[in-house]
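What follows is a single structure, written as structure tokens, with notes after it.
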Amino acid sequence: MVSRPEPEGETMEAELAVAPSGCSHLGSFKVDNWKQNLRAIYQCFVWSGTAEARKRKAKSCVCHVCGVHLSRLHSCLYCVFFGCFTKKHIHEHAKSKRHNLAIDLTYGGIYCFLCQDYIYDKDMEIIAKEEQRKAWKMQGAGEKFSTWEPTKRELELLKHNPKRRKITSNCTIGLRGLINLGNTCFMNCIVQALTHTPLLRDFFLSDRHRCEMQSPSSCLVCEMSSLFQEFYSGHRSPHIPYKLLHLVWTHARHLAGYEQQDAHEFLIAALDVLHRHCKGDDNGKKANNPNHCNCIIDQIFTGGLQSDVTCQVCHGVSTTIDPFWDISLDLPGSSTPFWPLSPGSESSVVNGESHASGTTTLTDCLRRFTCKESRMNGQYQQPTDSLNNDNKYSLFAVVNHQGTLESGHYTSFIRQHKDQWFKCDDAIITKASIKDVLDSEGYLLFYHKQFLEYE
């Protein structure tokens, strides 16, 4: 492929409007009923949506030369012939019969033997995507992804930002202050923690959310998706989360009003509403057992707390597993450091009776107040190296509370990179050290599993 210099003054719209020239050898195939023939090949031998079609593919799709089906099997587009791509049996057929086009029976790509490459054709691509969606629907899988077509606004953004943004270790993209809308510091610190949760960030920034609500304007998940876009847009001015606050008031009415609220209570309420809205449920009821749900919220935050009770008479063991979004821990009254939890993915012992498992992001709530409203001080540390790599969690966010049980102020610490921490105090963000984090009076601690490789 020969590159050419871009003429000055050429617009991004013009560049994006130019379609690839495509393969010049498709003319011999695009005759008569070629669309119907191509659809039949996709339906029977590539996507195979029904159980009957999958059985037929398994029986018939073998190389006509060597009789195997694991060597990148391709089908000729001109006649009924299956051949191995790896062993070049399909190449030999193309050369002898002059049938220059074949289709990959695993991924559906079209290969041209004259161009010696997989080719793109818009009409063929449309047919392939349509048949793929039909097969997914038959299998009950739904649409796994959708093609992206830039809007006018996106075209304008591409025009003014032609180069891809490079993320470095000193990059501050993703850090953005939040305006306090009147005693909303409890919400701001939770938003900071959620927007820096690795798996949740990757989900929303890859545009994975598909709204199931009848009214998208009332969907909290849609608003969270917009919030992630705002945070990672590169803008430095503080964001005003007025719409998020309105939706929280609408769907969690016990949090409505400008009174100071508890950050932990807000987190649980937000996760509950996000869980319901992921499923298109807006009936105002509490979410059902989240352990049986496969939405993104429960995939990330839900774990199972196993409790074993042993009968002292018959020595039988009764086991129950309850889902949890967070674990509340009593903070010792002494000033000695302690570890809030060293959770394992299989069986970490908690109080000798319970086991936490299954969650990729763990939230610990430290009970720092007694019923007499006196503060209980204590320090916390990251889990030690006593566990194997699959059972290690890394601290990535801390929510702090300064004040009394009735009033006070919330701030948060966010880990941007491996050893870079920032303090978020509503609209003000300042750099912090790991010592600042570990010496702070943490209220909520957020961990993610180390094997996720976000270090």
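Here K88 sits with roughly 110 square angstrom of accessible surface, probe radius 1.4 Å. Summed over the residues of the range 25-139 and divided among them, the accessible surface reaches 58 Å² per residue at a probe radius of 1.4 Å.
Between D322 and V80, residue separation times 0.36 nm minus the direct Cα-Cα distance comes to 81.6 nm. The overall shape of the range 43-115, judged from the alpha-carbon gyration tensor, is prolate: a/c is not under 1.5, and a/b is greater than b/c. Taking Cβ atoms as reference points and 14 Å as the exclusive limit, the residues near G177 contribute a net charge of +1, counting Lys and Arg as +1 and Asp and Glu as -1. The 1.4 Å probe gives accessible areas that order S433, S218, largest first, as S433, S218. Of the residues T250, T86, ranked by 1.4 Å probe accessible area with the largest first, the sequence reads T86, T250. The heavy atoms of V62 offer some 40 square angstrom of accessible surface to a 1.4 angstrom probe.
The Cβ shell under 11 Å around K88 holds other residues with a net charge of +2, Lys and Arg each +1, Asp and Glu each -1.
Using θ = phi - 60° in the Karplus curve 6.51 cos²θ - 1.76 cosθ + 1.60, the 3J(HN,Hα) couplings for the range 114-121 round to 7, 7, 6, 6, 6, 10, 10, 9 Hz; x is entered for Gly and Pro. Surface composition of the range 25-139: carbon plus sulfur atoms contribute 52% of the solvent-accessible area (1.4 Å probe, protein chains only, all chains present). Note on Q116 and K243: their simple-model spin labels are 5.2 nm apart, each label 7 Å out from Cα toward Cβ.
Residue-wise HN-Hα couplings along the range 195-204, as the Karplus relation 6.51 cos²θ - 1.76 cosθ + 1.60 with θ = phi - 60° gives them from phi, are 6, 10, 6, x, 5, 5, 4, 5, 4, 6 Hz; Gly and Pro carry x. Across the cross-link table entries K35/K59; K137/K392; K134/K159; K152/K243; K87/K129, which are compared at the Cα atoms, the separations over 30 Å belong to K137/K392; K134/K159.
Under 8 Å for C-alpha pairs, at least 6 residues apart: give me the relative contact order for the range 153-272, rounded to a whole percent. Don't jump to the answer; show the numbers that get you there.
On the way: 94 pairs, mean separation 43.0, N = 120.
It rounds to 36 percent for the range 153-272.
Given the whole protein assembly as supplied and a 1.4 Å probe, what does the accessible area of Y118 come to in Å², nearest 10? The value for Y118 is about 80 Å². Distant-in-sequence amide contacts of G177, defined by a placed amide H-H separation under 5 Å and a gap of 5 or more residues or a different chain, comprise H239. Spacing of the modelled spin labels on Q229 and D32, each 7 Å from Cα toward Cβ, amounts to 4.8 nm.
Inter-label distance, H254 to A40: 6.3 nm, where each label sits 7 Å from its Cα along the C-beta direction. Accessible-area rank, largest first, for R176, R54: R54, R176, with all protein chains present and a 1.4 angstrom probe.
The values are calculated or read from the model by the stated rules, or taken from the named source; none is laboratory data. What you are looking at is a predicted structure, and each value in this text was computed from that prediction instead of being measured. Positions of Cβ are generated from backbone atoms using ideal geometry, with glycine treated the same way; all protein chains shown enter the neighbour counts. Note: accessible area is taken over every heavy atom of the protein model, side chains too, but ligands, DNA and RNA are not part of it. Shrake-Rupley method; radii C 1.70, N 1.55, O 1.52, S 1.80 Å.
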